[in-house]
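A.B. asks: Can you read through this structure? Questions will come right after.
The values are calculated or read from the model by the stated rules, or taken from the named source; none is laboratory data. Computed from a predicted structure; not experimentally measured. Glycine gets a Cβ as well: all are built from the backbone with ideal geometry, and neighbour counts include every protein chain shown. To get the accessible areas, we keep the full protein, side chains included, count just its heavy atoms, and leave off ligands, DNA and RNA. Shrake-Rupley method; radii C 1.70, N 1.55, O 1.52, S 1.80 Å.
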Amino acid sequence: MNQHHESTGPVDEQQITLRGPAELADALPYLMGFHPNDSVVMVALHGGRGRFGGRLRLGIPQSPREWPSVAGQLAECLIKGSERRGERPDAIVVFLCQDPAEDESGNQVMERLRPLAQRLRTACGEHDVPVLEALCISDGRYWSYCCPDPRCCPAEGNRMVMPGTSVMAAAAAYAGIQVRGTLREMETRLAPLNTSAAAEQQRALDSAGAELVPKILDATGREDVARETLDLVRRLMARLAEATAATPALSDINDDRLIGHDEAAAVILGLQDRETRDRAAEWMEGPEAHSALRLWRALSRRCVAPYEEHAAAPLTLAGWVSWSTGDEPGARVALGLALRADPEYTFAQLLHEACNQGLDPETLRRCLRGERSAREGGADRATTRTAGDHVERGPRHHTARATRHRNVRQATVRRRRAPQGSVRPGAKQPFRRRSGQTPPSRRGARSGR
């Protein structure tokens, strides 16, 4: 049995010793902030005591033909990312988490995924970083791919410890760390509606597109759409703020009821403009943040087929607000879904990388506060417009925009101040191909990313 150590905070705080695969498997949801379903999770270990560092998550590819290339990409991503933060891993721990399919046992899942575990071990070894432990977690049990001793790691697996009874659970409760349910549950809160309301929302998006696209392609109309979109966002945020927050599931239902289909369609299409989306990102802290996050989640659910790609904007805003308010697991899930909706969405790419590096969002917050202050102060700005292109403004605004994007890019290469490393739930799948393009009549105008 191997022993691993996890620091629950800065190095001068109390450390927790995890003894063997059982406690290691139990610690996984506390490390990630949720229970990862259908996931490969890799965790870097540093030093002789095995301090946990960077963490990476990816959905398990369905086709075994993809496993060799994916294993190589994951190993390189985790190791190179740790090196960029100034600390090469001394070892890696691998988790394969998947529930059994119908008529399948946990043991069969373990055996089916064994080649993937071996690919991951080999890929890490090619970088001279050993895999210290590789676990399969399925159907409430865990198996070790590294331990050959049937006395402690029998063929039928070991049952997971009772939730809340481990040393990690006690330390997490003391530290105020919460496990937000499963990854599937977190993604469901942001997934498109699959009820009868989806058809009504599609018709509303079709109608709004026919009305707004000609305006967006016109210089004057573009400004009008931006102003109307932001005014509507303010009204919807105020409406949500007046509603009593309930449990997550009930809160989502109530929020959906408070937002009309036409209202949702107008905001979704308006946010496809980069300038408008960046203005909306300024609702990122204080009392505004909670209402904004509820709105962005609700709008993400309204991006029904064939408008799924439009969800990149509200999902990115949901990820940004989550990150800005300290919910890193929620931020990574939302940003990962944004990249799934549109892998080339630049703002989501930059935020996802910065969040994964464990950086402080205050740099970007300061930039957004500065832009709001300058605008509200009546700063002079020269404006030129080109139909169908981005709205470009005077030098002061252009410098502010460049500064914001530069700050986010720089954030991806600065060393994280806390020692725990980074987690990548919802990471963009490098092997995923984009779906076919939606007809322009339904996609609407999308200006900038």
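Yes or no, residue by residue, for (1) under 20 Å from the mean Cα position of the chain (by Cα); (2) crowded, with 19+ Cβ neighbours inside 10 Å; (3) modelled with pLDDT of 95 or more:
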residue: D273; (1), (2), (3): no, yes, no
residue: A280; (1), (2), (3): yes, yes, yes
residue: W283; (1), (2), (3): yes, yes, yes
residue: E288; (1), (2), (3): no, no, no
residue: L293; (1), (2), (3): yes, yes, yes
residue: A298; (1), (2), (3): yes, yes, yes
residue: R301; (1), (2), (3): yes, yes, yes
residue: P306; (1), (2), (3): no, no, yes
residue: H310; (1), (2), (3): yes, yes, yes
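A.B. asks: I'm trying to understand the selection: among the residues of segment 257-271, which are part of a loop (DSSP other than H, G, I, E, B) and surrounded by fewer than 24 Cβ atoms within 10 Å (Cβ to Cβ)?
C.D. replies: Residues satisfying the conditions are I259, G260.
A.B. asks: So how many residues does segment 78-95 have that are surrounded by 15 or more Cβ atoms within 10 Å (Cβ to Cβ) and within 11 Å of H127 (Cβ to Cβ)?
C.D. replies: Summing the residues that are surrounded by 15 or more Cβ atoms within 10 Å (Cβ to Cβ) and within 11 Å of H127 (Cβ to Cβ) in segment 78-95 gives 6.
A.B. asks: Out of the residues in segment 181-211 meeting the condition of being among the basic types (K, R) and either open to solvent by 70 Å² or more (accessible area, probe 1.4 Å) or not in a loop (DSSP other than H, G, I, E, B) (or both), tell me which one is farthest from V267 (Cα to Cα).
C.D. replies: R184
A.B. asks: If Q98 passes every condition in (1) within 23 Å of G20 (Cα to Cα); (2) open to solvent by less than 10 Å² (accessible area, probe 1.4 Å) but one, which one does it miss?
C.D. replies: Among (1) within 23 Å of G20 (Cα to Cα); (2) open to solvent by less than 10 Å² (accessible area, probe 1.4 Å), the lone unmet condition for Q98 is (2).
A.B. asks: While we're on this one: Report yes if D252 is of a type in the set (D, E) and surrounded by fewer than 16 Cβ atoms within 10 Å (Cβ to Cβ), otherwise no.
C.D. replies: So D252 does not fit the description; no.
A.B. asks: D231: open to solvent by 20 Å² or more (accessible area, probe 1.4 Å) and closer than 21 Å to T316 by Cα, yes or no?
C.D. replies: yes
A.B. asks: Let me ask something additional. Looking at segment 1-106, what strands (runs of 3 or more DSSP E) fall wholly within it and have at least 1 residues that are at pLDDT 85 or above and either under 22 Å from the mean Cα position of the chain (by Cα) or not hydroxyl-bearing (S, T, Y) (or both)?
C.D. replies: Passing ranges, in order: 39-46, 51-59, 91-97.
A.B. asks: Every residue in segment 278-314 that is touching a residue at least 60 places away in the same chain (Cβ under 8 Å), in contact with a Phe, Trp or Tyr (Cβ under 7 Å, 6 or more places away or on another chain) and assigned to a helix (DSSP H, G or I), please.
C.D. replies: A312, the sole residue that qualifies.
A.B. asks: A follow-up question, please. Out of everything in segment 134-148 that is under 19 Å from V94 (Cβ atoms) and assigned to a loop (DSSP other than H, G, I, E, B), what residue ends up being most open to solvent (accessible area, probe 1.4 Å)?
C.D. replies: Looking at residues that are under 19 Å from V94 (Cβ atoms) and assigned to a loop (DSSP other than H, G, I, E, B), I get P148.
A.B. asks: Sticking with this structure for a sec: Which one is least open to solvent (accessible area, probe 1.4 Å) among residues in segment 339-353 that are of a type in the set (A, V, I, L, M) and touching an Asp or Glu at 6+ places or on another chain (Cβ under 9 Å)?
C.D. replies: A348
A.B. asks: Determine the pairs where a residue that is open to solvent by less than 10 Å² (accessible area, probe 1.4 Å), located within segment 47-65, has a partner that is of a type in the set (D, E, K, R) and part of a strand (DSSP E or B) with Cβ atoms under 8 Å apart, the partner being 6 or more residues away or on another chain.
C.D. replies: These pairs meet every condition: F52/E6.
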